[in-house]
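Q: Sharing a structure, written as structure tokens. Questions coming.
The values are calculated or read from the model by the stated rules, or taken from the named source; none is laboratory data. Everything numeric in this text was worked out from a predicted model, so none of it was measured. Here the Cβ positions follow ideal geometry from the backbone for every residue, glycine too, while neighbour counts run over all protein chains shown. We work out accessible area using only protein heavy atoms, side chains counted, and drop any ligands, DNA or RNA first. Shrake-Rupley method; radii C 1.70, N 1.55, O 1.52, S 1.80 Å.
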Amino acid sequence: QVQLVESGGGLVQAGGSLRLSCIASGRTFSKYTMCWFRQAPGKEREFVAAIRSSGNIYYADSVKGRFTISRDNAKNTVYLQMNSLKSQDTAVYYCAAQDRGNMVVSDDYDYWGQGTQVTVSS
């Protein structure tokens, strides 16, 4: 069993930056693909970024060049550095862990955090 707790959300002006953190319980963090999804009001949950246990990284086209995902296995933590934020980035951001599956499919993830709100004002 893995528990995930996100932090770092908040209110920021357009063009600003935030760094989200997600700390995981358990001793097998390093084996999981870790990702960030987001869900805006009235919209479906969408893939943002993922980092595999190998270190391979993938981004949604909408955040490429602005967001950076990273992980620190010694701290059981995954991060999402968000720069040049836009109003359309406003959403609840969720951290998730996957043992195996399609990394962009939310149903393929085994564990989820409670989410953290990011609001970008224009």
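Q: Sort by residue number and report every cysteine in the chain with no other cysteine beta carbon within a distance under 4.7 Å.
A: C35
Q: Right, something else. Using Cα positions and a limit of under 27 Å, work out the lysines in reach of K75, with same-chain residues fewer than 8 apart set aside.
A: Correct list for K75: K31, K64.
Q: Right, here's the next one. Taking only protein heavy atoms and a 1.4 Å probe, what accessible area per residue, in Å², does the chain have with all protein chains in place?
A: Using a 1.4 Å probe on heavy atoms only, each residue of the chain averages 52 Å².
Q: What would the Debye equation give as log₁₀ I(q)/I(0) for the stretch 1-58 at q = 0.16, 0.19, 0.25 Å⁻¹, counting only Cα atoms as equal point scatterers?
A: Debye output, listed in q order: -0.66, -0.90, -1.22.
Q: Next question. Please report the spacing between the Cα centers of the stretch 48-80 and the stretch 3-31 in Å, no decimals.
A: 11
Q: Now for a different question. Grab the other residues whose beta carbon is less than 12 angstrom from that of I23, score K and R as +1, D and E as -1, and report the net. Don't jump to the answer; show the numbers that get you there.
A: Details: positive: R71, K75; negative: E6, D72.
Combined, the nearby Lys, Arg, Asp and Glu give 0.
Q: Which value in nm describes the separation of the simple spin-label points at N73 and A60, placed 7 Å from the Cα toward the beta carbon?
A: Rounded to a tenth, the inter-label distance reads 2.8 nm.
Q: Cα extents of the stretch 26-74 along the three principal axes, largest first, in whole Å?
A: The Cα atoms of the stretch 26-74 stretch 36, 24, 13 Å along the principal axes, largest first.
Q: Quantify, in whole percent, the carbon and sulfur part of the accessible surface of the chain (1.4 Å probe; protein heavy atoms only). Write down the numbers at each step before the final one.
A: Values: 2780 of 6320 Å².
The computed percentage sits at 44.
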